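For reference, the structure is listed below as structure tokens.
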Amino acid sequence: MEEQVVGSTSSASNMHEVGNENRNPYRNMVMDAMRMSEGNVRECPIIEEEPNADVTRFFDLLRDSNEPLGDGCTNHSKLSAVAQVFTIKSDHGLSEAGYDKIIEWARSILPEGNRLKENFYAAKSMMKPLGLGYQKIDICPNFCMLYYLENAEMTECMTCGHSRYKPRTGRGKTLMAYKKLRYFPITPRLQRLFMSPKTAEHMTWHQLHHAVDEVMVHLSDGEAWKHFNSMHPHFSAESRNVRLGLCTDGFNPFGSFAASYSCWPVILTVYNLAPGMCMRPEFMFLSMVIPGPSSLRWNIDVCLRPLIDELTQLWSSGALTYDISRKHNFVMRAALM
């Protein structure tokens, strides 16, 4: 999580005043994660229905971006301090114990009543509403199976017999898997599209736009989309339900002159949005990174299981989501088109 936070932050020297909303990069970090703008934030407190718990936690984090680290402090906010210590931890490879020691020392020299989080666990819990976490799932090096759910305790592949863990190199060393899959849950990011007026109002574009006969400007004008609607009327009756596209391909992250290596990112696109929006990078969500160095061949379905499970959950049960444009909660469902 720390690396993603680092990429979203900038130097605290650019903050002239914690209370200055327009120049607070850590306030912008929260709003970027939520696809929000300054003008939209001011509209958020005007609600007709209480937001659900996840939205409430977001507004608490937004307030932390403006809350001074201590009385009279103008250089750091409660959020900026945590984000910068996360940066140090990531850049220098500090352990959690090392992080806690730095925080213990910093709190001892800060004035009493400071608002710096007391340890790594508390800081990580504070940053959780940004939705930057991911799951690490061990995978067979030959892509035969995932050590996931009912297979989580297995120590060797049920298909090829390959060991899950590398041989121990010393007494007391932690077991290290040969290969790990990193999965980024999609549900929190889809929910955030409805938490900003800037994007929520566009999530029904596919139904509200005026189609021209014999002209296809969007997938919703096609026969496949209309056939899906006729086959699943309960899903299509709610225009806010999310239609997704999936794309993936292998590439060499080290360049064409390096050794042969094939890494596979899996990306989801949101087809609810207008053509000019759905292909923008900010609306193309990375759901997993399938590691190399060898190619997947025909076993990509093995790696896609966490995504399929989450999409199945979204299709059958949905997720409670707050729609800021209509100011009420609804059950959001999703389907892969």
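The values are calculated or read from the model by the stated rules, or taken from the named source; none is laboratory data. All values derive from a computational prediction rather than experimental measurement. Reconstructed Cβ throughout: ideal geometry from the backbone, glycine too, with neighbour counts over all protein chains shown. Heads up: the accessible areas ignore ligands, DNA and RNA and are worked out on the full protein's heavy atoms, side chains in. Shrake-Rupley method; radii C 1.70, N 1.55, O 1.52, S 1.80 Å.
Overview of values
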quantity: Test: Tyr165 is more than 23 Å from Val331 (Cβ to Cβ) and touching a residue at least 24 places away in the same chain (Cβ under 8 Å); calculated: no
quantity: Test: residue in the range 272-279 that is within 20 Å of Leu181 (Cβ to Cβ), touching a residue at least 60 places away in the same chain (Cβ under 8 Å), open to solvent by less than 30 Å² (accessible area, probe 1.4 Å) and out of contact with any Asp or Glu (no Cβ under 8 Å at 6 or more places or on another chain); calculated: no
quantity: Enumeration of residues in the range 145-166 that are open to solvent by 30 Å² or more (accessible area, probe 1.4 Å) and within 23 Å of Phe184 (Cβ to Cβ); calculated: Tyr148, Leu149, Glu150, Ala152
quantity: Checklist (1) in a loop (DSSP other than H, G, I, E, B); (2) closer than 30 Å to His202 by Cβ; (3) not acidic (Asp, Glu) applied to Ser230, failing item; calculated: (1)
quantity: Single residue of the range 281-320 satisfying the filter (at negative phi, part of a loop (DSSP other than H, G, I, E, B) and of a type outside the set (A, V, I, L, M, F, W, C)) that is modelled with the lowest pLDDT; calculated: Ser295
quantity: Filtered residues of the range 89-108 (kept if charged (D, E, K, R) and open to solvent by less than 70 Å² (accessible area, probe 1.4 Å)); calculated: Lys89, Asp100
quantity: Whichever residue in the range 288-337 is over 26 Å from Phe251 (Cα atoms) and charged (D, E, K, R) and, among such residues, is surrounded by the fewest Cβ atoms within 10 Å (Cβ to Cβ); calculated: Arg326
quantity: Any chance Arg182 is in a strand (DSSP E or B), open to solvent by less than 100 Å² (accessible area, probe 1.4 Å) and basic (Lys, Arg); calculated: yes
quantity: Matching residues, the range 213-256, being open to solvent by 60 Å² or more (accessible area, probe 1.4 Å), of a type in the set (A, V, I, L, M, F, W, C) and within 30 Å of Gly292 (Cα to Cα); calculated: Leu246, Phe251, Phe254
quantity: Hey, Tyr147 modelled with pLDDT of 85 or more, among the aromatic types (Phe, Trp, Tyr) and more than 23 Å from the chain's Cα centre (by Cα) or not; calculated: no
